[in-house]
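The values are calculated or read from the model by the stated rules, or taken from the named source; none is laboratory data. Since the structure is predicted, the reported quantities are computational estimates derived from the model, not experimental observations. We place every Cβ from the backbone using ideal geometry, glycine too, and count neighbours over all the protein chains shown. All accessible areas refer to the heavy atoms of the entire protein, side chains included, with ligands and DNA or RNA removed. Shrake-Rupley method; radii C 1.70, N 1.55, O 1.52, S 1.80 Å.
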Amino acid sequence: MYYLIYLLLFIIVILIVFILKQNKKYDTDILSKNKQISLATEQCNYYMEECKNLKEIIEVNKSIFDDLMPEPKIELKSEPIYANKKALIGDYYKDSYTNTKRVLESLGFDVTVALSGKEVVKRIKDGEKYDIIFSNNIYRNGTGQECLKELKQIEDFNTPVVIHTLTENKRDYFVNEIRI
């Protein structure tokens with residue numbers, strides 16, 4: 001009977017030693033992970049501090065940068081290239097048509113903006129004449145292709161139409177596939 005008790009105690013001691021070794025291994029793993037996290041945190045804090053320093057340097061020297069790189073101004077030395085020409089911009093997105101309008105006006109165009117493809121078509125049907133039409137590829141209700149198709153159905157319509165797109169590879173689609 002004593003042998004059984006000693007055997008049981010021996011097994012318990014072995015289990016305790018095994019458990020302690022496992023805990024030590026887990027503690028070592030946890031310490032290692034904590035060190036990695038600590039290093040990553042230090043690096044992150046360092047880069048955040050560097051970004052903050054750079055931002056302060058830029059703010060302090062902003063006036064110097066502004067003097068070195070003033071806002072460009074378009075100056076026309078003579079009569080604009082397209083003086084007395086009219087352009088129609090069909091676009092619903094304000095930033096887009098504002099930029100297009102600004103460029104065309106700097107070249108001398110008298111610019112009108114239509115906010116939809118239907119408005120572009122209506123202006124032409126109402127007899128308004130333009131030397132060129134710029135149309136967005138996409139409208140809130142319709143597309144530039146649909147607008148172009150309707151324009152081409154108007155008798156004696158022969159105004160050049162440029163369709164703007166931000167979509168990559170659409171140029172080939174318009175040049176090779178849209179032949180109206």
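Scanning segment 121-140 for residues that are under 24 Å from Ala83 (Cβ atoms) and at pLDDT below 85 yields a count of 0. Taking segment 141-180 as the range and being modelled with pLDDT under 85 and open to solvent by 70 Å² or more (accessible area, probe 1.4 Å) as the test, the residues that pass are Leu166, Glu168, Asn169, Arg171, Asp172, Tyr173, Val175, Asn176, Glu177, Arg179, Ile180.
Here's a check for you: in segment 86-115, which residue that is part of a helix (DSSP H, G or I) and more than 18 Å from Val161 (Cβ to Cβ) is least open to solvent (accessible area, probe 1.4 Å)? Here the residue is Ser106. Of all residues in segment 116-137, those satisfying the criterion of being surrounded by fewer than 18 Cβ atoms within 10 Å (Cβ to Cβ) and closer than 30 Å to Glu79 by Cα are Arg123, Gly127, Glu128, Lys129, Asp131, Ile132.
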